[in-house]
Amino acid sequence: MSTSGQDVWVYVEHLKGEVLGHTYELLGKGREVAGALGGRLVAVLAGSAVQPLASTLGVADSVLCIEDAGLAEFTPEGHGAVLRALAEKDPPRLMLFGATSAGMDLAALTSATMGIPLVVNCKEIGIEDDRVVVTSQMCGGKLLGEVETGGNMVALTVLPGAFPSQKGLSDRAPTVQNLPSPVPLEGVRTRVTRLLEPEAGDVDITRAPVLIAVGRGIQRQDNLPLAEELAGLLGGAVCASRPVIDQGWLPLTRQVGKSGMVVKPKFYLALGISGASEHVEGMKDSELTIAVNSDPRAPIFDVADYGVAADMFDVLPILTEELRARKPSAP
Amino acid sequence: MNIAVLLSMVPDLVEELEIAPSGVALDTQWLRYLLSESDDHALEQALLLKERYGGKVTALALDRGEAEEALYTALARGADEAVKLTGIPEEGWGKRAAAAVVGAVLKESAPDLILTGVQAIDDMDGHMAGALAGILGLPFVGVTRSVDAPGAGKVLVQKEYPGGMAAEIEVDLPAVIGVLSAPQPPRYVPVARIREARKTRTISEREAPSVAAPEGLVIRRLFKPEPAERAEMLDGTPEEMARQIVTILENRGLVR
Ligand SMILES: Cc1cc2nc3c(=O)[nH]c(=O)nc-3n(C[C@H](O)[C@H](O)[C@H](O)COP(=O)(O)OP(=O)(O)OC[C@H]3O[C@@H](n4cnc5c(N)ncnc54)[C@H](O)[C@@H]3O)c2cc1C
Ligand SMILES: Nc1ncnc2c1ncn2[C@@H]1O[C@H](COP(=O)(O)O)[C@@H](O)[C@H]1O
């Protein structure tokens with residue numbers, strides 16, 4: 001493997017003409033890590049007509065802006081080929097990707113094609129005597145691994161929410177280096193044919209002031225009315241974690257998390273949800289979170305303000321009863 | 001279409017995870033390994049494609065934990081062949097080493113489509129699908145919620161993005177797809193059918209080929225996070241806890 005420099009690269013993710021918020025979290029942490037390594041922070045921005053986005057990346061020492069019609073929509077193959085060609089020419093020490101739909105694909109592919117190590121789902125990155133030491137989260141948040149990477153190039157995917165985005169924002173105008181694609185893209189075997197918007201027509205959970213969220217712990221579709229009733233009493237809506245959506249018990253529009261909605265209600269009640277990072281990134285900024293989970297070690301309790309380690313089917317009926325009794329119109 | 005589905009076994013989180021005395025691995029004595037959830041969806045996706053367009057589904061698993069159970073279940077659900085790769089070290093492999101081994105096997109069998117889960121809960125040094133694609137030099141898309149094959153020589157997938165967005169992507173075959181979920185929940189087969197598969201079907205065994213392990217990482221330690229670092233835990237009977245929740249909501253003006 002080629003020896004690498006000390007630069008830190010951040011792969012800039014964008015969708016429909018906007019940089020994803022998570023990219024600024026990477027840039028903020030990348031700034032700090034690049035300082036410790038004595039390298040530069042480089043934002044890698046690939047797409048078609050994306051140069052206007054570069055102005056928001058001023059935290060970086062420079063922006064590598066690669067424009068090509070073949071990069072207009074993300075494909076792991078197309079964007080991966082560009083990244084690889086750039087990194088082979090001027091090897092960075094560290095490549096940071098979001099642990100996102102695009103980031104995880106690109107990181108896994110790049111690591112294998114370039115033969116460089118990858119650590120996924122990182123929530124901590126440090127430099128110790130020129131060694132990059134990271135903490136990776138596993139097992140739905142129940143296990144952490146501290147990993148040391150060697151002296152050469154390494155790729156990381158970083159959990160959304162692990163670092164503040166504030167440090168990645170700057171008013172400074174960055175130095176932009178415009179480049180054509182370093183590789184031909186006509187032969188790419190993956191083509192985006194269209195973007196699909198979320199289905200409309202159902203409840204907009206991003207606007208509900210109160211969300212009653214159900215996870216796998218709800219066990220059966222028949223149990224959903226328990227949550228619906230509580231939501232009705234509090235003037236809110238029912239949302240869910242992925243397994244509930246996958247079962248087809250609620251429409252995709254009710255999903256909270258990485259591939260669902262990001263919500264910030266006044267009150268989020270998590271019922272039978274373990275608190276996997278993919279779920280947490282969609283609800284962590286709720287004003288008040290209460291979690292009910294029969295497992296006292298469930299990671300959701302690290303996110304909640306109040307925790308109830310109990311069977312939801314013991315607590316829920318009483319909670320509903322108490323609230324119904326408080327209604328002025330209650331019989 | 002020949003479809004290979006890779007089934008990986010991951011720790012069952014219902015059991016308490018214990019760390020081995022070495023401090024850098026899980027204590028396998030206390031572990032139960034189950035089929036990874038997104039691999040279960042990958043198998044469902046493969047079976048849906050086969051039902052719709054014909055072809056053959058081969059399930060492939062590294063011999064670890066309940067791999068045999070998963071393979072017989074796959075046969076009972078409709079897979080045509082099941083292959084178990086033997087000679088796996090007790091502590092397992094990292095994802096990249098596992099991908100190198102599986103990649104060597106798949107290079108020989110050369111299926112049209114390789115499906116596997118996009119992520120497993122024990123991923124640390126990589127994700128299987130992307131790693132396989134890199135090793136085999138095949139096109140790849142991960143985080144899909146549906147895979148269809150309306151035309152010859154390609155598949156049409158839906159890749160999920162934040163906020164409920166998705167991209168429809170055409171992928172030339174052969175290809176590797178990292179499945180997040182199938183368009184419908186994984187089908188259930190009665191235990192009797194799995195028992196029957198155990199009697200009437202066979203799992204072919206193959207010694208895992210030895211391949212150069214990719215440059216690794218040094219795991220310094222595995223550890224469990226401190227429990228409940230943030231939440232204030234309520235206590236008492238369910239009644240008492242429910243009333244405390246009501247009080248919290250009332251104090252915040254959330255009870256209307
Ligand atoms: C690329 C990718 C994207 C993803 N996107 C999302 C996403 O957008 N949203 C999302 O939610 N997930 C997403 N996931 C899945 C995520 O990793 C988790 O698998 C999922 O969040 C787990 O859902 P859960 O907490 O409901 O189920 P589990 O993790 O199975 O947890 C169920 C919990 O219920 C508790 N429980 C069981 N019975 C009871 C009871 N009677 N009373 C109280 N508690 C009980 C259990 O103790 C357990 O903690 C994604 C995964 C990937 C790989
Ligand atoms: N995108 C898809 N991927 C895989 N299977 C599908 C897809 N769409 C439909 N199917 C399955 O194909 C079968 C026939 O579908 P249809 O031809 O639409 O009636 C059904 O069992 C569907 O579940």
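Computed from the coordinates by the stated procedures, all read-outs in this text should not be read as laboratory data. Not measured: the values here are computed from a predicted model. Positions of Cβ are generated from backbone atoms using ideal geometry, with glycine treated the same way; all protein chains shown enter the neighbour counts.
Taking each residue of A:75-86 in turn, how many C-beta atoms of other protein chains fall within 10 Å of its C-beta, and what is the average?
For peptide A:75-86, the averaged partner shielding equals 3.
Our coupling estimate for the range A:236-253, obtained by passing each phi through the Karplus curve with A = 6.51, B = -1.76, C = 1.60 and θ = phi - 60°, is x, 9, 9, 10, 7, 7, 4, x, 5, 5, 4, 6, x, 7, 9, x, 3, 5 Hz, Gly and Pro reported as x. Would you mind checking the range A:186-208 for residues with the amide N under 19 Å from a putative spin-label position 7 Å along Cα→C-beta of B:D148? Residues A:190-200 qualify, since their backbone N sits under 19 Å from the label point.
What is the calculated FRET efficiency for B:D12 to B:T237, with r their C-beta to C-beta distance and R₀ = 25 Å, to the nearest 0.05?
Details: r = 30 Å, r/R0 = 1.21.
It comes out at approximately 0.25.
Taking amide H positions as modeled 1.01 Å from N, with prolines and chain starts lacking one, the residues under 5 Å from A:L143 and 5 or more places away or on another chain are A:M138.
How many Cβ atoms of partner chains, on average, are near each residue of B:139-147 if near means within 10 Å of its Cβ? Kindly include the intermediate steps, with their values, before the conclusion.
Details: counts 9, 11, 9, 8, 8, 1, 5, 0, 0.
Taking all residues of B:139-147 together, the mean is 6.
The GluC sites (Glu not before Pro) of the range A:263-303 include none that DSSP puts in a loop with a beta carbon having at most 10 other beta carbons within 10 Å.
Using Cα springs under 10 Å in a Gaussian network model of chain A, which residue among A:G248, A:G257, A:G126 shows the largest mean-square fluctuation? Most flexible of the set in this elastic network: A:G248.
Can you give me the orientation-averaged projected area of the convex hull built on the Cα atoms of the protein assembly as shown, in nm²? If you can, show how the numbers build up before the last one.
Details: hull surface 108.8 nm².
Hull-based average projected area comes out at 27.2 nm².
Taking every residue in A:313-325 and counting other chain Cβ atoms within 10 Å of its Cβ, the average works out to 4.
Looking only at A:R207, A:R40, A:R254, which one moves most when chain A is put into a Gaussian network model with springs between Cα atoms under 10 Å? Result: A:R207 has the largest fluctuation of those listed.
Along the Cα-to-Cβ line of B:E226, 7 Å from the Cα, sits a label point; which residues in the range A:124-138 have backbone N less than 13 Å from it? Counting backbone N atoms under 13 Å from the label point, the list is empty. Using every Cα-Cα pair within chain A, state what percent have a distance larger than 37 Å. When every Cα pair of chain A is considered, 26 percent fall beyond 37 Å.
Give the shape of the range A:230-287 as rounded, prolate or oblate, defined through the alpha-carbon gyration tensor: a ≥ b ≥ c are the square roots of its eigenvalues, a/c under 1.5 means rounded, and otherwise the shape is prolate if a/b is larger than b/c and oblate if not. Could the numbers behind the result be given before it?
Numbers: a/c = 1.67, a/b = 1.13, b/c = 1.48.
Oblate.
A Stokes-Einstein calculation at 4 °C with viscosity 1.567 mPa s, built on the Kirkwood radius of chain B over Cα pairs, returns a diffusion coefficient of 64 µm²/s. Mind giving me the nanometre distance, one decimal, between the label points for A:Q177 and A:S48, set 7 Å out from Cα along Cα→Cβ? Placing both labels 7 Å beyond Cα along the Cβ direction yields 2.6 nm.
Looking at the range A:137-220, the GluC sites (Glu not before Pro) that sit in a DSSP loop and have at most 10 other Cβ atoms within 10 Å of their own Cβ are A:E186, A:E199. Database remark: amide H of A:L15 closer than 5 angstrom to the amide H of A:L20 (H placed geometrically; neighbours at sequence offset of 5 or more, or on other chains; Pro and chain starts carry no H).
Ranked for footprinting exposure by Cβ neighbours inside 10 Å, fewest first, A:L234, B:L13 give B:L13, A:L234. Could you list, in their original order, any pairs among A:K167/A:K264; A:K29/B:K159; A:K142/B:K199 whose Cα atoms are separated by more than 30 Å? Over 30 Å Cα-Cα: A:K142/B:K199. The stretch between A:R207 and A:S55 holds 51.7 nm of extra length on full extension. This uses 0.36 nm per residue minus the Cα-Cα distance. Here the range B:215-256 is scanned for amide nitrogen atoms under 17 Å from the site 7 Å beyond the Cα of A:A325 along Cα-to-Cβ, giving B:237-251, B:255-256.
Assuming a ≥ b ≥ c are the square roots of the Cα gyration tensor eigenvalues, decide whether the range A:76-166 counts as rounded (a/c under 1.5), prolate (otherwise, with a/b larger than b/c) or oblate. Oblate shape, in that a/c is at least 1.5 and b/c is the bigger or equal ratio.
Does the range A:1-126 classify as rounded, prolate or oblate by the C-alpha gyration tensor (a ≥ b ≥ c root eigenvalues; a/c under 1.5 gives rounded; else a/b over b/c gives prolate, otherwise oblate)? The shape class here is rounded. For the pair B:R52 and B:S22, label points projected 7 Å from Cα toward Cβ lie 4.3 nm apart.
If you rank A:T320, B:T144 by fewest surrounding Cβ atoms within 10 Å, what's the result?
Numbers: A:T320 18, B:T144 30.
By the 10 Å Cβ count, ascending, the order reads A:T320, B:T144.
Rg/Rh for the range A:143-261 stands at 1.11; both radii use Cα atoms, and Rh follows the Kirkwood definition.
Beyond 17 Å, what share of the Cα-Cα pairs of the range A:210-326 is found? Please give it as a whole percent.
On the way: 3293 of 6786 pairs.
In whole percent, the share of Cα-Cα pairs in the range A:210-326 beyond 17 Å is 49.
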